[in-house]
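Here the structure is laid out as structure tokens; the discussion comes afterwards.
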Amino acid sequence: MPDPAPPPGFVSLVSAGPGDPELLTLKAADRLARAEVVLYDDLASGPVLDHANSRAELIAVGKRAGRPSARQDHVNALLVEQALAGRRVVRLKSGDSGIFGRLEEELTALTAAGIPFEIVPGVTSASAAAAAAGIPLTRRLTARRVQFITGADVTGHLPGDINWAAIADPGVTTVVFMGQRSFPELAAGLRAHGLPGDTPALFAQSVGHPHQRLIRTTVDDLAAMMETAPVSQPGLILYGPLAFFP
């Protein structure tokens, strides 16, 4: 049986995937088609919004590093306000919002206001980047573990409580979100904790968009590139034994 339409005064927290509308889930497309208002991030705009109800109000609440953006408390207040007005609300976030997408803050606001909600998961940019590069994230005997880490804390700098032993493990596929600015520092720490500088690395930028870019390199060479490269587009860093697969 198909899912019933969300009732009025309800929020669907929808993950849009990396940007390619063909990677939307059927449930995500359904919720967009039924929405009365859509609060969307920059990275979840473009062709993805073509699936939205033509009568829906579209409100941009995107956040992008280094640019003016909506404050999270403002986004939370809008979600609550629109739902209390009895509208079917879609909060559209890029990738999978449960992975470094600040989903917990919006859930907390909705719960405190007594507003019912659902979470619609999506394709994370890590999976999309690996697929675009033609590599798996895990492999028997070579990479038995995959780990997702953030390269930026709430201040925008490299977190101070990193588990270096875990992320310097050469037998693990590690994916770094929001790490372009901090990767030179991160790479220095990795080398200091035993990860070879020639460990394969992949830099994936604007995954799922027409201007997607994939760079196959090494940890050392990528760190050198990041020293001077401007951060103009979102990017993901993947390093480990599979980055140069096969």
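The values are calculated or read from the model by the stated rules, or taken from the named source; none is laboratory data. Note that this is a predicted model, so its numbers are computed, not measured. Counting neighbours? That spans all protein chains shown, and the Cβs are built from the backbone with ideal geometry, glycine included. Please note that ligands, DNA and RNA were not included when accessible areas were found on the heavy atoms of the full protein model with its side chains. Shrake-Rupley method; radii C 1.70, N 1.55, O 1.52, S 1.80 Å.
Before moving on, here are some points about what is shown:
- For the range 83-134, with all protein chains in place and a probe radius of 1.4 Å, 59% of the accessible heavy-atom surface sits on carbon or sulfur.
- Share of pairwise Cα-Cα distances greater than 22 Å in the range 164-246 is 18 percent (whole percent).
- With each label modelled as a point 7 angstrom along the Cα→C-beta vector, the V154-D42 pair spans 2.3 nm.
- Global size of the range 197-237: 10.4, 31 Å for Rg and Dmax (C-alpha atoms, Rg to one decimal, Dmax whole).
- log10 of Debye I(q)/I(0), alpha-carbon scatterers only, for the range 93-171 at 0.12, 0.17 Å⁻¹: -0.53, -0.93
- Distance distribution P(r), the range 107-246, all Cα-Cα pairs, bin width 10 angstrom from 0: 11, 41, 31, 12, 5, 0 percent.
- Accessible area expressed per residue, the range 125-246, with surrounding protein chains retained (probe 1.4 Å, Å²): 48 Å²
- Here the label points at A131 and D50, each 7 Å from Cα along the C-beta direction, are separated by 1.8 nm in the simple model.
- Listed candidates (i) 21.6; (ii) 17.8; (iii) 19.0 - label of the one calculated as Kirkwood radius over Cα pairs in Å: (iii)
- Inter-probe distance in nm under a simple model that places probes 7 Å from Cα toward Cβ, at R71 and I59: 1.6 nm
- Using only side-chain charges placed at the Cβ, +1 for Lys and Arg and -1 for Asp and Glu, the dipole size of the range 107-202 relative to its Cα centre rounds to 340 debye.
- Whether the range 1-133 is rounded, prolate or oblate, judged on the alpha carbon gyration tensor where a/c under 1.5 counts as rounded: oblate
- For the range 97-151, the dipole from Cβ point charges (+1 on Lys and Arg, -1 on Asp and Glu) about the Cα centre works out to 560 debye, to the nearest 20.
- Distance histogram in 10 Å bins (all Cα pairs of the range 1-52, percent per bin): 24, 59, 17, 0
- Integer Hz, Karplus 6.51/-1.76/1.60 couplings in order for the range 154-171, x for Gly and Pro: 5, 8, x, 9, 4, x, x, 10, 5, 8, 4, 4, 6, 7, 9, 5, x, x
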